[in-house]
Structure formats: structure tokens, C-alpha cells
1. If you filter the stretch B:298-390 for trypsin sites (Lys or Arg not before Pro), then keep DSSP loop positions with at most 14 other Cβ within 10 Å, what is left?
2. Please work out how much length the chain gains when fully extended from B:A387 to B:T230, using 0.36 nm per residue of separation minus the C-alpha to C-alpha distance, in nm with one decimal.
3. Taking a threshold of 27 Å on the Cα-Cα distance, which of the pairs B:K129/B:K330; B:K282/B:K393; A:K32/B:K563; A:K169/B:K573; B:K135/B:K611 fall above it?
4. Cα axis of helix B:2-11 to longest principal axis of chain B: angle in degrees, 0 to 90, nearest 10?
5. Within the stretch B:123-220, report the GluC sites (Glu not before Pro) that DSSP leaves as loop and that have at most 11 other Cβ atoms within 10 Å.
6. If I stretch the segment between B:L327 and B:K563 completely, what's the gain in nm (0.36 nm per residue apart, minus their alpha carbon distance), one decimal?
7. What angle do you read, to the nearest 10 degrees and between 0 and 90, between the alpha-carbon axis of helix B:441-450 and the longest principal axis of chain B?
8. Could you give the alpha-carbon Rg of the stretch B:301-457 over 2.2 N^0.38 Å, rounded to two decimals?
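Every number here is computed from the coordinates shown, using simple stated rules; none is lab data. Model, not experiment: these values are computed from the prediction. As a convention, Cβ positions derive from the backbone with ideal geometry for all residues, glycine included, and neighbour counts pool all protein chains shown.
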Amino acid sequence: MQPVKIAFLTTLTLLSVFGCNQEEPTSVAPVKATTIRNLAADPAQINPQTGQPVGATNKFTLFSLKDGVTVANSDSATNKWDIGFRATTLIINGGSIRSGRGGAFIHTGTFDELKTIPAGTTFATDESPAQLAIPTGSGKGWYNYANTLITPIPGRVLLIRTGDGNYAKVEILSYYKDAPATPTATSEGRYYTFRYVYQPDGSQNLN
Amino acid sequence: MLLFVIAIALMGQGPDSTGRATVGRADSLKSRALNEVVVTATRTERPMGALPMPVTVIGREQIRQMGALRLNDVLQEQTGLAIVTDHGQGLQVQGFGPDYTLILIDGEPLVGRTAGTLELNRLAVGNIKQIEIVKGPSSSLYGSEALAGVVNIITETPTRTRASVSARYGANRTSDLTGDVGLRFGKIGLYAFGNRYGSAGYDLTPETTGRTVSPFLNHTLSGRLTADFTDKLKLSVSGRYFSERQDNLLEISPGRAVAGLGRVTDRNMNPVLTYRLSEAWKVTYRYYSTLYRTQTNLTYIDNRQPYDQSYFRQTFDRPEVQVDHYLNQKHMLTLGAGFMAESVEATRYTERQRFTNKYAFFQYEWLPTSRWNLILGGRYDAHSQYATQFSPKVSARYELNQTFALRGSAGVGFKAPDFRQLYLNFDNSVVGYSVFGTHELAASLERLRRQGQLAEVLTDPAAFGNIRAESSVAVNLGVAADLGRQYNLPITASLNLFRNDIRDLIETQAVALKTNGQSVFSYINLNRVFTQGAELDGSYRLPVGTGRLTIGGGYQYLVAKDKAVVEQLRQGKIFRRDRIDGPPETLLTARVKANEYGGLYNRSRHMANLKLFYEQPRRGISASVRGIYRGRYGFADRNANVILDADNEYVNGYMLWNVAVSKTLKAFTLQAGIDNLAGHTDPQYIPNLPGRLWYASLRWTLLPNTKGS
């Protein structure tokens, strides 16, 4: 039988999707979606002989959703950054190994349909390199890995509690430089294209 | 032709046939088809028409008229069968991949699968008397792998003295030289067969280095010695040897190519002793021993560094005893037991690995009235590496009237985890990933950890430890019609509905990440899938001039889906990223609707065939035109949700037309034909489909002391 890999969802995800809270006040000014292109996430050349990455720094690229810019690694112990990128691994500025108040939840649905943080959402945090708020591995977090390609799982929206306690939603669009329509084995990886909505007023409104 | 009838008659003579009288005119297809003797379905000789399960029989004459050389040529033209390519050309039955169908030669399994596929091209068809195909689970008789069905190749027996030689040449410098001889000295019979088959291969992508199919040459030798010591005690010893070498040259990345030799050897030996104690009792002792071996030696062309130097060696040995008991033609009991020892040794395995399996099976067939036929059977397999399996099956046939018969069967099939899934120990040195069988996983992860190659463990390795056999529950329901008896019309038709529910499908899953960013994979029981559909088959035979024309046709409708995907779609939890429809930079996400799910990859919803065979025995002319349609089928995901849901994820459907004509003059038969007349190719998705292929052959047959045929 042709293997068909399915991204199995956790029961937790299944339970919490339908609870869209419609009772939020609608008077708040809408927040706008921003798209960030080609955010370098520790790019490396892969040595075709060994398969080993060459030239990587092993450092996370830290990003502030509020300001839409990267944050220096020297500020890693502050709450200035919200989300960090290194190859396929994403970190969140919250949890016992971080200093911010952040957290993350992987929501199943479309980015546009998600208007607010669903009721009952429990934000996970980074507790250890092996226990991150956004799990690593194919089908477990934000991506599938097949035929040597990383593809963001469609319908996965990262609900983020930022380093300073505000809320945002993030959708990863591509892992490859210039977000090619059809990445190939020679596409340059570790370049994120993603879009997000950040709510500065502290509410859970994401629209 | 005459020989064919004789062979059938000889086969059907024993008291173990059900005793039905041969009905109808001798020249009619339907009476011939329904009375063809089949052994695969029940492990005893039965007229095909009386069987309660779907069975197809392809005889020697039809194989010749098709101009077929290899087993895949024959099977691809049959209703409900598809040839699929995955590490070789394998067989898809009722939506099951190649690893779920058992391929037997004279009832004994062929071994040597690559990634589950048994390369059908390994089998020459020149020594085949008939091919029997049983659809639906047959684990109740044959054990593991007989989940989708069984293909049994019945080879020639030396019933008389005869000989033949044929030579064929065709496009792609494909040549085939076949010879066989049958000798009969009283109670001793000897049959020997030799075949040399070679081709220059072909190239559908001239822009890349190397050919789509590299040049190859193979040889097959087979034979059988029979000795009828008395009427009651008979011995048959058959053997087969196959050897192939292929000169590979392939591009593995732009500008880099590898080259070298690949060899495949396959041999088997099969003595069978039959002792008929009385009319009521028959005992058969069988021993089967086979060896399959491959060697690959590929090096980079530019620097002569090794790319792949590997070998694989599999052995399979099996003694078996079967007892058949007949009680006044109404009750038939079959009991059998055997022991199987299998081993594999390969570059990608830590050490020589062994399996053993003890098994016993029974089958009770009851004919309470002339209208009813009931079969109850089961098999118990006690394996050294996984849990014990019991595979029951029940089937029944009821004759409504002279024209229609209903048949149904329900059974359980299973497929054991194979050596690869248990013992593979493979680090891909080129790409950098690793794959470990479930029994190797713990030790191999520990090795990677010691070597500092392990970045992170994603899944608890203990979850992979107790891998189970894949199993299915299947139901086949059908109706067969024969308009010959009541209406004197040479028309037969059959409809079969099938449903297979499969659980514990073994899939690869990432267990850990390596420091090089690549994954460590192992095997785990994951998915539940189902396949269901309908198969319609029919034939009409009519006189045309002094000859006769047989029009045959078939159609299969198939749905094969992953149950977890169906459930997730129902909940609206599967999405796609539209790269093609919208502007690429938007990469927008949309929810997939349940009716957009195309099911499992590589399955055509519609398959059909239309076959015309014309024979004019008096003038020695025969001709055939066969059209085979394979509807569109999923190839790969292109919108990141892993499932088949978009039009651009399909391979277009296509039609193949094959034609052949032959003329027999005395002892010589000249045949010419063209396969794939329209020259359909699809280099990207169907590399195993060469373009238009012409051929011509000459065959010489020696049949001493007969009036010829």
C-alpha cells in the first residue's frame, strides 16, 4: 500500500477547535496582517557528500511580532522577542527555559477564519530543548517532511502569546527562499515566509 | 490447441474432480472456461465454474496469442489487475499494493521482493500451462501475503513427447529465444525449458544521463521430472533457475551519474510426492527450497568512488504435507501442516536474520445438493517473530437456475512484517537519513547517540517494539451468468462486489532527528484503510466466417481510502495550500471538502479492457486486438496536505492498444505484433511504459505421432 502519512492531531487540538468565541466586542479597530519574507533561520549549506549542514551558527533568529523586526541574540534573556527560528525548530519566549511570558498553541483551521483565541486554549511553553511549545518532527508541529522537503502543514495557525503577554496568530507559508510555488531538492531552505496578526491592546481579538 | 485440451482432460480425470459432466459443445469457450481445472482456490483440483470465489484462468493459448513474453505482459491485460511501479513492476489487486498478493509457481511462493514489490518481469511465460488468479483473501490456505489474492503459475507437465523453439526480435533491440522439450517414456516424463531474454532498454528522457531502463539480459532454465511409480504413487521434481544482469547508468543529481552492474539470481527446487491410498484418501508431501540473491555495484563515473555496493540474499525452505479425504463426492476434507524457515542476509542488515513459522490448515467442502457448494477453511500460523495468526474463510455458491449462480465469500487475510520492517539497519550515506527495523531500533539509536549523531528523539522507541501483522477482513459477493445452458448463447458474464477493511498497516515514521538535520525512520502499525468496488467481466463468442471471434470485456470500479483521512475530512480538519491556482506568493490555505479526497495514491477509480481474439484454425490464422484503459490515478501530493485532493496530483488516464497476428503453416508459426499502438508515453509518471513496440517471432513446434494442431 502506498504510504499515506497523515498528520495526526492531538486530541487536545480536536477538542478545542469548535469553540470559536463570538462574544468579543467588535468595536475594536481591526488589526492588520503582516507578511514577513525570507527570514533567515540559521541558513546552512548541505554538504552533498555527508548530508551535514555547513556554515550554520546554531543560533536562533529571534523575532518581535510587535515591531516586525529581528531581535539581537544578546537580548535573548529579555521579553523583547516572541518567537525564534532555527532551521525547522521554533521557540517561544515563555516557559522554564525562557524569560518572557509567552506561549503557543497549534490551532487547526484557516488563518482568516480565526478571529479570536478560542475559548479553552491552553498555551504550551518551552520547558526544555526536548519539550518545546511547538513540537518538532514531521506532522507534529507546523510542517511535514517528505521527499527531502519541508512543507508547512496547511491549516495550522500558531496562536502566540508574546513575550510581553499580548496575543498574535502566525501562519508559516514557506520554508524556502523566495517562497517558491513548488520547492525542489535544490531550493534553499531555512528561509521563512510567514504572515501574522499582532493584537497590541492585550485583547484576544485577532481580526 | 489439441494439446491444451488433452492437458485439461488429463488434469480433470482423477476422482478428486467434483464429478460434474462436461457440459456443452467442445468448441465453445464457455464450457471450456467453466470446466478449466483450477487448483489455487482450494488447493485441490476443481472445475472453475463450481468455485464460490472469484477466479480468473489464463491459458497457454491465450498467452501465446497475446504475444506475451513476461508475466507482467499477461497480467496487465486482465480485468481488475493493474501493473504498478515501485522498485520494480508489481501487481495491484482490488486496490492492494504488490506486497499483498502472493505469487506462486506450482503452488510454492516466489521470494525476493524489493520494497515489497516482486518484479514480475523475472518470470518468463513460455513454460506456463495456465495462470490462475484468485481474488480476495486466501490466507486461510496460504498464510501471509495472500491478503489481496493469489496468482499461481502452473507450469508445463511432460504429458507427451514434443518440442518447440521460438525466436523473437523487436523494438529496443529486444530479443527472446525460447525452447522447450517434453519427453515421455512410459512412466517417466521429462520437461525442460530454456529462455534467453535481453533488451537494450529504452530512454524516455534523452536529456539526462543514462536510460530510463538500462540494458539487461536474463536467462531462465526450468524443468520437471515426473515418475508415476504406480497408479497410486507419483513423484514430480521441478526446478527453476533465473539469472539477470543489468548494465546500469543513472543520473542521481544534476551532473552526477553512477554506473555499474546489477545482478539478480533466483533458483528453486520443488519435489512433490503424491500417494493415493484409496479413492477416498490422498496424501501429498511437498518440499520447496528457494534462494534469491541480488548484487549491486554502482560507482560514481567522475571519481570512481563507490555509490552503492550491496548484496541481498534470501532463502526459504518449506516441507509440507497435505491430506485430502473424499466422501462420496459430497464431502471433501483437506488438512495440511508445514514448517517454514526463512533467512535473509544483506548489506543493510546487521547479521543473518532468521524466521521460522509452523502452520496448519484445514478446509471442508460440502456439496449438500447439486445447487449448493459450501467451503469452510482456516489456517493457523505460529511465527517466531510476531503474534500467532488465525485466518478463517467461508465461501458459498448457490445455483439459482441454469443461467445464474450466486457466490460469496468472507475471510481474513494477513501480511506479516517482513525482514525489512523488522531488521533493516540502513544509514543512507548520500542523503544522510537512517532507517531501522523495529527489532534494530533501540540498539541503533544507542549507536547514533554514542557517535554523537542523535539530536533528538521524537517518539518513544518502545512504541515501535511490538509490531503486529497487517490484517484485513474481506467480503466478496457476486453473480455469475452463463447463457449457454438455457439459451444456447455463448455468453458468460460475472459481477463481483468486494470490500476489504485493512488494519494495522505498517508505515514508516520518523523516530528521531539526527544532528545532520535528517531523520531516523522506523516502522509502526498506523493506518486503517478500506478498498471497495465492483468488477464486471464478460465474454461473447461468435462464429465469423469459418473462424470464431471472442469478444471479451471487463471493468473495475475501485475506491480505496484511508479511514483516518475520511474522519478528519468529515470534521473539516484537512486543508491545502494553493500554490497553483492562486498567485504563488499568497500561498493561501483552503479547507478540503470530503468529496475532493481521491483516496490512496496509485489507484485508478476506473479500469477497463476490451479484447478481441479471432481464430481460424483451418487456415492457421489467429489475431487479437486488446485495449486496456487505466483511469487517472493519484501520483503525489502537491499542496502540502499529504492527501490526494487536487487535479494536478493525478496522472492522466490512458489507453493502450496491443495487436498481434499469427499464421501457422505446418510446424511453423509466424507472429507479428505491436504493443502500445498509439505510442502513449508519460516519461515523468510512467517510466515503465515504453512507447510503441513492434515485434516479430517465428516458432517451430514438433509434435510426433499426432495429426498436428
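1. Values: sites: B:R304, B:R313, B:K330, B:R348, B:R352, B:R354, B:K358, B:R371, B:R379; in loops: B:R304, B:K330, B:R348, B:R352, B:R371.
In loop regions of the stretch B:298-390 (DSSP not H, G, I, E or B), the sparsely surrounded trypsin sites (Lys or Arg not before Pro) are B:R304, B:K330, B:R352, B:R371.
2. Result for the pair: 52.2 nm of gain on full extension.
3. Beyond 27 Å: B:K129/B:K330; A:K32/B:K563.
4. 80 degrees
5. Working: sites: B:E132, B:E145, B:E156, B:E207; in loops: B:E145, B:E156, B:E207.
Filter output for the stretch B:123-220: B:E207.
6. Result for the pair: 80.4 nm of gain on full extension.
7. On a 0 to 90 degree scale, this one is about 30.
8. It is 1.61.
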